[in-house]
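K.L.:
Handing you a structure now.
The values are calculated or read from the model by the stated rules, or taken from the named source; none is laboratory data. Note that the structure is predicted; figures quoted are calculated from it, not measured. Because the Cβ atoms are built from the backbone with ideal geometry, glycine has one as well, and the counts that use them run over all protein chains shown.
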Amino acid sequence: MKIQSNEIISVKVKSIEQYGVLVEADGYEGIVHIPNLSWNIYGVQKGMSNYFSIGDILDAMVLDSSTVPFNASFKDAHQELSPWNKVSKYLINTIHKAKVVTRTDFGYFLELEKGLRVLLHNEKSIPEMSEGEIVSVKINSIDQEKKKIVVSYVFPENNSNKPQ
């Protein structure tokens, strides 16, 4: 069987690495990079073994069959689970609660709702935040095609609109 781009196939997890999950399907080796692992763990590298185990059989969409190993995605194989199906309820210039998921060198990953993560870029005026902390953010822009929401931090004293 030849693996084709854009087809959904069953793969077996061979190993879990810091950059993603190595898989095998019909003698072909593949890789699922972190952003393509799941709608629920994008932006979080630690704890991947809580989601995947060696030997797991999972559905994956082949993103690029011309590379060795082939590029695949677990989340694209299950578009019906995409949190982007619910993004229309987030309007530009509205304020929402978000949970701090993790901190990186370039900012904080926040979760508006399960699986819908945004990056709050580092700015000098943003206070230190802890994982699990609930903060208010303003939706500045939404790009459905790139699956990107730009947010800014809302300071508690400036929060005249009630977070949704």
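K.L.:
Is there any pair with a first residue in the stretch 74-97 that is within 18 Å of ILE8 (Cβ to Cβ) and a second that is crowded, with 18+ Cβ neighbours inside 10 Å and of a type in the set (S, T, N, Q) whose Cβ atoms are under 8 Å apart and which are 6 or more apart or on different chains, and what are they?
P.N.:
Every condition considered, the pairs that remain are PHE74/ASN36; PHE74/SER38; LYS75/ASN36; LYS75/SER38; ASP76/ASN36.
K.L.:
Given the structure, is GLU157 of a type in the set (Asp, Glu), loosely packed, with under 15 Cβ neighbours inside 10 Å and modelled with pLDDT of 95 or more?
P.N.:
Judged against the criteria, GLU157 is not a match.
K.L.:
Hey, another quick one. Which one is surrounded by the most Cβ atoms within 10 Å (Cβ to Cβ), of the residues in the stretch 119-130 that are in contact with a strand residue (DSSP E or B) (Cβ under 6 Å, 6 or more places away or on another chain) and over 17 Å from GLU145 (Cα atoms)?
P.N.:
LEU120
K.L.:
Kindly indicate the residue of the stretch 1-20 that is β-branched (Val, Ile, Thr) and farther than 13 Å from ALA77 by Cβ and also nearest to the chain's Cα centre (by Cα) among those meeting that condition.
P.N.:
Only one residue tops the list, namely ILE16.
K.L.:
If a residue counts only when it is acidic (Asp, Glu), assigned by TED's automatic domain parsing to the domain that holds ILE134 and surrounded by 13 or more Cβ atoms within 10 Å (Cβ to Cβ), which strands (runs of 3 or more DSSP E) contained entirely in the stretch 1-118 have at least 1 such residues?
P.N.:
Of the strands (runs of 3 or more DSSP E) lying wholly inside the stretch 1-118, those with at least 1 residues that are acidic (Asp, Glu), assigned by TED's automatic domain parsing to the domain that holds ILE134 and surrounded by 13 or more Cβ atoms within 10 Å (Cβ to Cβ) span 107-113.
K.L.:
Scan the stretch 126-153 for residues that are outside any strand (DSSP E or B) and of a type outside the set (D, E, K, R) and report the count.
P.N.:
Total meeting the criteria: 6.
K.L.:
For the structure I just gave you, tell me whether ASP76 is closer than 30 Å to LYS2 by Cα and in contact with a helix residue (DSSP H, G or I) (Cβ under 9 Å, 6 or more places away or on another chain).
P.N.:
yes
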